[in-house]
Structure formats: structure tokens, C-alpha cells
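K.L.:
Mind having a look at this structure? Questions to follow.
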Amino acid sequence: QVQLVESGGGLVQAGGSLRLSCVVSRLSFGQYAMAWFRQAPGKDREFVSSTDFGGTITYYDNSVKGRFTISRDNLKNTLYLQMDALKPGDTARYFCAAGTVPTRTQTEYLFWGQGTQVTVSS
């Protein structure tokens with residue numbers, strides 16, 4: 001069974017940084033586009049960032065552009081999200097997902113992790 005396991009979340013002050021990781025198993029990781037989504041309490045899940053199978057093409061939502069960096073290590077089957085200059089508005093549960101194209105459309109993603117909580121205090 002395919003597994004995506006996120007880690008790295010936590011409580012951080014505004015302006016701080018966190019690095020999320022998503023380890024993927026039982027999947028040909030290097031053949032899939034990967035993405036990060038997030039869901040804040042009482043809100044719909046939303047797109048954060050995505051990358052193609054090689055990590056050379058990346059997309060970001062405007063709300064995180066210039067502050068977050070997505071990357072991947074295909075030898076380690078791991079996806080990363082470096083989050084800098086965090087804001088209270090970034091507080092959410094962050095999910096990684098695997099799909100065939102690096103789209104912002106959630107329904108295009110085939111496999112999902114359980115998420116990791118990020119809380120940014122003011």
C-alpha cells in the first residue's frame with residue numbers, strides 16, 4: 001500500500017521557519033509529480049506548491065511565493081517544503097500528495113498523506 005508520511009510541523013513564531021518532509025513508500029516516486037496542500041480550521045483545503053517528477057518545474061500559490069520553496073530528493077523518495085518568513089495566516093494542516101501532473105487541482109492527485117500541523121503564533 002502506498003504511504004505518504006509528512007513530518008516537520010510544529011509551533012513557530014511569526015517570522016520563523018520550518019521545513020516539512022514527506023517520505024513516500026511503495027510508489028515509484030521519481031515518476032510522480034508532487035504537491036503540498038494545506039487546510040486551515042473551518043476552511044477548504046488549498047493548493048500551496050507543486051513540482052514535476054524531476055523537481056525542475058515548480059509552482060506556488062501567490063500567498064507563499066517568495067517565502068516557501070518546494071524541492072525533492074528522488075534518491076530518498078522525499079519531498080520537502082522549506083517555509084520561511086512564516087505568518088499566522090500560514091497556520092494549517094499541511095498535506096503532501098502524489099499525482100501525474102503538477103497541477104493545483106486536488107482531484108488530479110492520486111495519493112495523499114495524513115498531514116502535519118503547522119501553527120504560527122503572532
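The values are calculated or read from the model by the stated rules, or taken from the named source; none is laboratory data. Quick caveat, the model's predicted, so the values are computed rather than measured. With ligands, DNA and RNA removed, areas are computed over all heavy atoms of the protein, side chains included. Shrake-Rupley method; radii C 1.70, N 1.55, O 1.52, S 1.80 Å.
K.L.:
What aspartates and glutamates sit close enough to LYS65 to cross-link, taking a C-alpha to C-alpha distance under 16 Å and skipping anything fewer than 8 places away on the same chain?
P.N.:
GLU46, ASP84, ASP90
K.L.:
Ok, one more. At a 1.4 Å probe, what is the % contribution of carbon and sulfur to the accessible area of the range 11-122? Before the final figure, lay out each step's value.
P.N.:
Working: 2790 of 5690 Å².
After summing per-atom areas, the C and S share lands at 49 percent.
K.L.:
Using alpha-carbon pairs under 8 Å, 6+ residues apart, how would you state the relative contact order of the range 1-71 in percent?
P.N.:
It comes to 21 percent, rounded to a whole number.
K.L.:
So what is the accessible area of the chain per residue, in Å², with the probe set to 1.4 Å? Mind showing how you got there, number by number?
P.N.:
Values: 6260 Å² over 122 residues.
The answer is 51 Å² per residue.
K.L.:
Can you tell me the relative contact order of the chain? Whole percent, Cα pairs under 8 Å, sequence separation 6 or more.
P.N.:
On the way: 307 pairs, mean separation 43.3, N = 122.
With pairs under 8 Å counted, the relative contact order is 36 percent.
K.L.:
Give me the extension gain from THR69 to ALA40: residue separation times 0.36 nm, minus the current Cα-Cα distance, reported in nm with one decimal.
P.N.:
So the chain would gain 8.5 nm between THR69 and ALA40.
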